[in-house]
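Accompanying notes for the structure given below.
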Ligand code: AMP
Ligand code: GLY
């Protein structure tokens with residue numbers, strides 16, 4: 001079959017790598033893709049936010065299956081357009097993508113199905129929001145309702161900080177994403193991510209992971225898209241996973257179907273786990289980046305089978321064959337990220353994992369210029385490994401990363417520390 005993957009990050013490179021190994025995949029196109037994806041797929045330019053353009057492109061290239069990587073095209077209705085043209089599609093329609101695109105929507109769904117989550121208020125004017133903050137006190141969490149590239153969450157430790165965050169959001173710090181604001185109880189515990197596929201009705205869990213959001217070692221420094229991840233996440237024990245499924249995931253999928261907006265795609269649930277009780281922090285409607293890289297190296301070619309079953313509505317007849325293994329991914333980012341950084345530096349040593357079946361270098365922001373791979377983004381590479389234990393995967397990844405020759409990049413030295 002002919003497959004099109006939309007996106008250009010490490011997540012999409014990992015998906016392309018896994019899918020290209022499945023014999024069902026005859027032809028793989030990534031749009032727009034990156035320099036790493038070009039090794040396993042044809043990369044072509046395309047405006048992935050434009051549903052009509054995506055449909056025309058898919059028809060022109062005789063695509064049988066479209067996989068949508070990032071959240072922005074999902075929220076913009078690219079999934080609706082592809083499905084509307086009778087092309088098999090992985091990723092939810094826009095109304096189901098509200099589970100990521102609107103925090104207030106997710107809170108409403110949780111309330112409707114009694115899923116454990118932080119207590120909250122939802123506001124569209126600053127005065128009411130300020131009054132709520134005054135009655136609740138600090139610490140408290142202030143969130144822009146809409147998509148803000150992971151930046152619209154302020155954890156305010158004091159009352160003045162909380163009031164300032166409310167004012168900043170209503171003053172437009174996060175643009176349209178902040179015209180509505182959700183204010184939440186501050187939850188304590190350990191965070192973990194859980195990935196489940198749903199075809200709208202059936203549910204298939206496909207693994208747990210934990211990422212490292214802060215830029216520097218010891219969870220210090222600014223928040224980023226994620227500086228590394230490992231899978232499985234130790235905090236998601238069988239008992240916690242059971243509770244998460246029966247109290248949060250299954251009721252959410254049922255509520256979405258009941259409303260006539262079934263969720264089809266991957267639901268990436270962030271939990272706060274305390275005393276064995278998971279509570280929902282947030283949903284995303286796509287794979288995590290870099291969590292996806294760790295899941296892909298564990299699942300390999302069967303990733304295509306499960307994504308297809310999800311799109312075809314046959315998840316009840318599908319299962320995942322787990323090797324009892326662990327995976328870890330370290331992000332290499334350009335010096336300065338998540339602030340300002342330079343593009344164009346040359347990266348060497350990228351063939352260091354070529355002979356190791358338990359390691360892959362997935363590219364994120366890279367570009368080939370005159371036959372050389374250069375840095376072209378904030379997060380640039382994902383050194384991804386697996387092993388029988390997390391310690392083994394960790395050792396393999398940190399041995400490999402030393403062979404990458406890129407002085408203009410940096411990485412965290414403590415990925416996986418909580419579980420090691
Ligand atoms: P979100 O974009 O909603 O995932 O929030 C980003 C990060 O903020 C989460 O991964 C948590 O670390 C933290 N966070 C969000 N909501 C809460 C909450 N109610 N209590 C504690 N931490 C939170
Ligand atoms: N790594 C977190 C995310 O993809 O949202």
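Throughout, read-outs are computed from the coordinates displayed, never taken from laboratory work. No experiment lies behind these values; they were computed from the predicted model shown. Please note: Cβ atoms are built from the backbone with ideal geometry, for glycine as well, and neighbour counts cover all protein chains shown.
In the elastic network of the chain, a GNM with C-alpha springs shorter than 10 Å, the most mobile of 278, 338, 357 is 357.
Beyond 15 Å, how much of the Cα-Cα pair distribution for segment 318-401 remains, as a whole percent? If you can, show how the numbers build up before the last one.
Working: 2134 of 3486 pairs.
Tail of P(r) above 15 Å: 61 percent of Cα pairs.
What number results when the radius of gyration of segment 51-191, computed over Cα atoms, is divided by 2.2 N^0.38 Å?
Numbers: Rg = 18.4 Å, N = 141, 2.2 N^0.38 = 14.4 Å.
Scaled against compact globular proteins, the figure is 1.27.
If you take the alpha carbon atoms of segment 1-63 and fit the smallest convex hull around them, that volume is 68 Å³ per residue. The length gained on full extension between residue 49 and residue 250, counted as 0.36 nm times the residue separation minus their Cα-Cα distance, comes to 69.3 nm.
Distance from the alpha carbon centroid of segment 1-78 to that of segment 265-314 works out to 19 angstrom. Over segment 137-225, the fraction of Cα-Cα pairs per 5 Å bin, rounded to whole percents and listed from the shortest bin up, is 3, 12, 16, 18, 19, 15, 9, 5, 2, 0.
If you take the beta carbon distance between residue 420 and residue 277 as r and set R0 to 41 Å, what does 1/(1 + (r/R0)^6) give as a FRET efficiency, to the nearest 0.05? It comes out at approximately 0.95. Each of 130, 279, 412 was scored by other Cβ atoms within 10 Å of its Cβ. Listed from fewest to most, they are 130, 279, 412.
With neighbours defined as other Cβ atoms within 10 Å of a residue's Cβ, the residues 89, 43 order from fewest to most as 43, 89.
Name the residue, out of 96, 239, 229, whose mean-square fluctuation peaks in a Gaussian network model built on the chain with Cα pairs under 10 Å. Its mean-square fluctuation being the largest, the pick is 239. The length gained on full extension between residue 223 and residue 191, counted as 0.36 nm times the residue separation minus their Cα-Cα distance, comes to 10.0 nm. Counting only DSSP H runs of at least 4 residues, each contributing -39500 (n - 2.57), and dividing by the residue count of the chain, the helix-based mean residue ellipticity at 222 nm comes to -8000 deg cm²/dmol. When the chain is treated as a GNM with alpha-carbon contacts under 10 Å, the residue of 286, 386, 259 showing the greatest mean-square fluctuation is 259.
For residue 26 and residue 135, the difference between the fully extended length at 0.36 nm per residue and the C-alpha to C-alpha distance is 33.2 nm. Put in order of Cβ neighbour count within 10 Å, fewest first, the listed residues 362, 287 become 287, 362. Computed from the C-beta positions of residue 126 and residue 312, the FRET efficiency with R₀ = 51 Å rounds to 0.60. P(r) tail for the chain: Cα pairs beyond 37 Å make up 20% of the total.
To one decimal place, what Kirkwood hydrodynamic radius in Å is obtained for segment 160-293 from all pairs of distinct Cα atoms? Walk me through the numbers on the way to the answer.
On the way: mean 1/r = 0.0608 Å⁻¹.
Across segment 160-293, the inverse of the average 1/r is 16.5 Å.
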